[in-house]
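Some notes on the structure that comes next.
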Amino acid sequence: MATTTVTHPGTIAYQGRRSWIYEWLTTTDHKKIGKMYIFTSFLFFIAGGIMALLIRTELAFPGVQFVDAETYNQLFTIHGTTMIFLFVMPMFVGLANFIVPLQIGAADMAFPRINALSFWMIPLGGLLLYSGYAVGGAANAGWTGYAPLSAQGGAGLDLWLMALVLLGMSSVLGAINFMTTIFKMRAPGMTLLRMPLFVWNTLVTSVLLLFAVPVLTAGLMMLFIDRNYGGGFFDPALGGNPVLWQHVFWFFGHPEVYILILPAFGIVTEILPVFSRKPLFGYKAFVFATSAIGALGFSVWAHHMFTTGAVYLPFFSFFTFLISVPTGIKFFNWLATMWGGQLRFSTPLLYALGFIALFLIGGLDGAFLAVVPFDFHVQDTYWVVSHLHYVLVAGAVFGIFAGLFYWFPKMTGRMLNERLGKWQFVLLFVGTNLTFFPQHLLGLDGMIRRIVDYAPNPGWPELNLLSSIGAFVIALSILPFIWNVFITLRGPRNAPDDPWEANTLEWATTSPPPSYNFDSLPPIRSERPLFDLRHGLTPHAAAALPAGPTETHDETRADAPEGSK
Amino acid sequence: MPLVGLRQRIASVRETRFATVAFVAVLAAISAACSGAAAGHPGYEPGYGPGGPGPGFFPLQPVSQGGTLVSNFYPFIFWIAVAVFVLVEGLLIWIVLRYRRRPTDTELPKQTHGNGVLEVIWTLIPAIIVTAMFVFTVDTLGKVETAQDPADNPQMTVDVTGFQWQWTFEYKDKGISLTGTGRDGPTMALPINEKIRIRLHATDVIHSFYVPQFLYKKDAIPGRTNEFDVIVQQVGTYAGQCAEFCGIGHADMHFTVQAMTPADFDAWVAQQQAPPPSASALPSNAPLVSVTSVGVVQGFTPKELSVAADTPWSVSLTNSDAAVPHNFSIHSANADGSDWNAPINADAGGSVTYQPPALATGEYTFFCSLHPNMTGTLHVGQ
C-alpha cells in the first residue's frame, strides 16, 4: 500500500489476502488512481466519440434522415460535456496523477485519500449525466447551457447540473492536492525552476481550476435554483438577466480552455527535448509563457459574447490578441529546441510534431475570432466548431496520445508497438484535418452550428460529407490503439527503466515503479537530473549549483514566479 | 558493413517519409476542400442559404455596407495568418528533414539552453503584429458601428421579435406586422441604400438575427433590446437564420430579407397595408372540425381529428396559451406532396379558422409549424 514516506520493501507487512478488485477499489496509490483515471476517461472518450459519429452521420447529407432534432440536441450536449468534463480533464488529471509525484521525486500525492475521492467522483458524475437518458431525455441545452433555454427542459438538465457540480468538486479537490504536492513534497534539490515543464503546466492548470471552477459551480447552483425553486437569477421577468449566465459561464469557460490545453503543452514540452537529445530551449521562457497564458486566460471571457451587444468589445479583443504572444513564444521555443538536434521519430515525437503542426491552425483561426467585426460574422457558425476542435482534438487529443505513448512503458513496464502507433498517428492526422478543416469554409459561408439540418447550398453537402468521412477516419484510428494496448498488456514486460534516454526523475525508478516510487534519488542539479547522471554535470547544471553544500526545498524562496498570477 | 549502413539509411528515409506524408495529406485535404468549393452547384435553392459561388477561403459576397467593410478587412488578417502558417510549418518541415537522427550521430548535439536575443525578438515581433491587428480591428469595428450612432437617425426602423421558433417583423410606423409560419419564416422587405435600424427583442430564450450576406449577427435577448443599423446596397433576396441555439425548432428558424428599390418598397408597403383578400367562400355545408385548445405543454386537444375525403373543409383552432402563438399545419397535404403551412397564426388566447386543401383518403399528421414537436393525427376517409 502507498505510504507517504519512503519505506523499504521488506517492511511492507500486509500483502496477501486481498482480492485485486478490493485492492483497486480501496487504493490510495497515486499510480493506481492515475491508471483508473486514464482507463475511465478513455471509456468516456469512446462514448463521446460514438456520439460524434452519430452527429456526423446525421450531417453527412442535408435533410433529417438519421436522428430527430431532439435526439440531435441531446447528442451534441452530452458529446461536448463528456469530452470536456469526462474525457480530457480526467485524462490529464490521470496522467498528472501518475507522473507528477514521480517527476518531483515524491512518494505519493499530498492527500492520498482525497485523491481517491476525487477519482471516484468522476464515474459517479458520468453516471448522473447519462442517467438523464433514463428519465425522459438527457440534457439538451448545449454544453454551454445558456439560460433561459436551460431553464426549460426536463429532469435531464437537473442531472446535468448535478453532474457538473460533482465533477467540479472533484476538480477543485484535485487542484488543491496537486498544488500542495508540488509546493510541499518536492525532493531535495528540486527547486521550482528545476521542475519539469509538465509539472509547471499542472501547477498552472491547478491554479486555474481553483479560481475558475467555483465560479461555474456558483452559476450552476443559481440555475438549479431558477429551475426548481423559482429563483430569478437569469429570468428577466423576475428582474434577472440572461447575459449574467454567459458572464459566469465563460469566466469559467475560457480558463477551462487552458485547463484543457496547458497539460498538452506540458507533455509536448517534455517530449521534444528527449527525442531531440537537446535541452529545452528557453526553460524560463516556457515557465513565463505558461504563467502568462494562465493569467491572461482570466481576462478574455467575454470574447465568447461579442454578439450579445452587452460587453465592451475592444478590451476583450485586445487581451484575446495578447494571449497569442505567450503562445507564440512556446511555438518558437519548441522549434528552437528541435533545431540542431538529432530527432528520433518514435510515436511520442510524431504526436508532438502533429500537435505543433495542427494546434497552430487552432491558434491562428482563434486569432481571427479576436477581430470583432469578423467575429460578428462567424460567431456560432462552423468556424467556431472548427476552431474549438483544432484546439481540443489537434491540441488536447494529440497531446494525450503523445503522453500515453511516452509514459506507457513507465506505467506498465511494456513498450507499445511502434508500427501500430505510427499507423494510428497517420489515420488520426488525416482524419482530424478531413473532419475539421472543411468546417472553416462552411463557417465562412455562414453555416451555423447546432442545427440538425442545413440548407443544400452550393458546396455545403460536399464539405459536410467530407467532414463526416473524416470523423469515421478518426474513429478508425482509435482501433489500432485499443488493439495495441491489448496485445502489449498481454505481452512480456519488455520496457527498461529509461527506454527513451529521458531527462526527468520518473525514469530514475523501475518500470513500473514500486508502490513507494523510489529506492534512491539521483542528485538534482538542473531540470535534467537523469541527463546529468548519464553525461556528467554539464557547465549549465554546475552553474546552477547553489553556494551552500546542499539545497533543501524551502518555500520562502523569493524566485517563485507563480506569484505573478 | 556498407549493407548495414544502407539499411539504416533506408530506415531513416522511411521515417522521414512517414513524417512528411502527414503534411502532404493535410495539403491534399485543403486542396480537395478548395476544388469542392469552386465546383459550384446547380441545385441551389434560392429560398435558403446565402447563394454566391460556394464556400472558400474568403467570406461570402457581402451585400451591406458594414459587410463590405468586414470583407475588405478580412484579407489583411488572412494573409498574416497564412504567412505565420507557412513560416512555422516550413520551419517544422525543415527541422524534420534536416535534423533527423543519423546512424553517425553518436555524439550529443550542441546543448543550447536558450538565446536571450532570439527569444526577445520572437516575443516582440508577434507582439507588434497583434498590436497592429488590434489597431486595425478597432478601426474597422468603429466604421462598422458608426452606422449605429444613435444620434444619426435611421430612415426606418424594423422591430424584430424572435420566439420559439419563429420571427415577427414589425414596421410600427407603417402598421405592418408579419409573423412567419412554416420553415421559410417571414420575409423582411427593405429599401436599398437607406439606413435601416433593426431592433431585436426576444420573448422566451435567446435568439440571434443572422443574415450571412450582411456578415453580421446580433443576439435577441429576453429583457434586453439590442439594435444595429444596416444599409443594404444590392437588390436581391437574402436568406437569414437564427444563429443562437434555441431548442428543438432551432434548425428551422429561417427568414428572408428582400432588398428592393425604394419605389418597389413603397409598392410593397401599400400592398401589405391593403386589407387581406376575403377568403374564398366555402360551401355553407362544408364540415368544420375544431381544435378546442392548444398549448405548448399539453399540445393539441383533441390529438385525433377525422374529416371526409376530397371534400372542402375547415378547422377552427383556439389557442389556450397565454403568451405563445400557435397554428394548424398539415404534413404532406399539398398536391405536390409538400407541407401545407398555416397562412396565419392564432395569437395567444385567440381563435382562427383555417381552410386546408381537400385531402385524399389516408392518414395525415397535423402540427404547429412554430413548434414542430406538437403533432396530432388527421384521419381522412369516408
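No lab work stands behind these numbers, since they all come straight from the coordinates. As the structure is a prediction and not an experimental result, all values here were calculated from the model. Note that we place each Cβ from the backbone using ideal geometry, even for glycine, and neighbour counts take in every protein chain shown.
Remarks
- Per-peptide average of other Cβ atoms within 10 Å, ordering B:224-232, A:475-483, A:368-376 highest first: A:368-376, B:224-232, A:475-483
- Couplings for region A:340-354, taken from phi via the Karplus curve 6.51 cos²θ - 1.76 cosθ + 1.60 with θ = phi - 60°, read x, x, 10, 6, 10, 8, 7, 4, x, 5, 4, 5, 5, 5, x Hz in order; Gly and Pro are left as x.
- Tensor-based shape of region B:288-381 (alpha-carbon gyration tensor, a/c under 1.5 rounded, otherwise prolate or oblate): prolate
- Here's the picture: charge each Lys and Arg Cβ at +1 and each Asp and Glu Cβ at -1 in region B:119-270, and of B:VAL232, B:GLN155, B:ILE206 the one pushed furthest to the positive end of that dipole is B:ILE206.
- For residues of A:430-440, the mean tally of beta carbons on other chains within 10 Å: 4
- Cβ-based exposure ranking for B:PHE76, A:PHE332, in which fewest neighbours within 10 Å come first: B:PHE76, A:PHE332
- Cα gyration tensor shape for region B:156-273, rounded if a/c is under 1.5, else prolate or oblate: prolate
- Per-residue mean of foreign Cβ neighbours for A:338-348 is 6 (Cβ atoms of other chains, 10 Å radius).
- Among the residues of A:325-336, the average count of other protein chain beta-carbon atoms within 10 Å of the residue beta-carbon is 6.
- Amide hydrogen neighbours beyond the local backbone of B:ARG100, cut-off 5 Å, H modeled: A:LEU343
- Mean residue ellipticity at 222 nm, helices only, chain A: -21000 deg cm²/dmol; runs of at least 4 DSSP H residues each add -39,500 (n - 2.57), and the sum is divided by the number of residues.
- Percent of beta bridges antiparallel (DSSP, the protein assembly as shown, rounded to nearest 5): 70 percent
- Shape of the protein assembly as shown, Cα gyration tensor, a/c cut at 1.5: prolate
- Share antiparallel - DSSP beta bridges, region B:156-273, percent rounded to 5: 70 percent
- Listed residue (B:SER332, B:HIS379, B:THR353) projecting farthest to the positive dipole end of region B:288-381, Cβ model: B:THR353
- Electrostatic dipole magnitude of the protein assembly as shown [Cβ: Lys, Arg +1; Asp, Glu -1; Cα centre; debye, to 20]: 4040 debye
- Given charges at Cβ of Lys, Arg, Asp, Glu: the protein assembly as shown dipole, positive-most of A:VAL135, A:LEU149, A:SER477: A:SER477
- Taking amide hydrogens as placed 1.01 Å from N in the peptide plane, the amide H of B:TYR216 sits under 5 Å from those of B:VAL211, each at least 5 positions away in sequence or on another chain.
- Taking every C-alpha pair closer than 8 Å and separated by at least 6 residues, the mean separation divided by the residue count of region B:156-273 gives a relative contact order of 30 percent.
- Alpha-carbon centroids, region A:181-228 and region B:105-184: separation in whole Å: 31 Å
- Most simply put, region B:288-381 has about 65% antiparallel DSSP beta bridges, counting only bridges with both residues inside it.
- Nonlocal amide H pairs with B:SER293, under 5 Å, H built at 1.01 Å: B:THR301, B:THR318
- Taking A:TYR283, A:TYR312, B:TYR216 and counting other C-beta atoms within 10 Å, the order from fewest to most: A:TYR312, B:TYR216, A:TYR283
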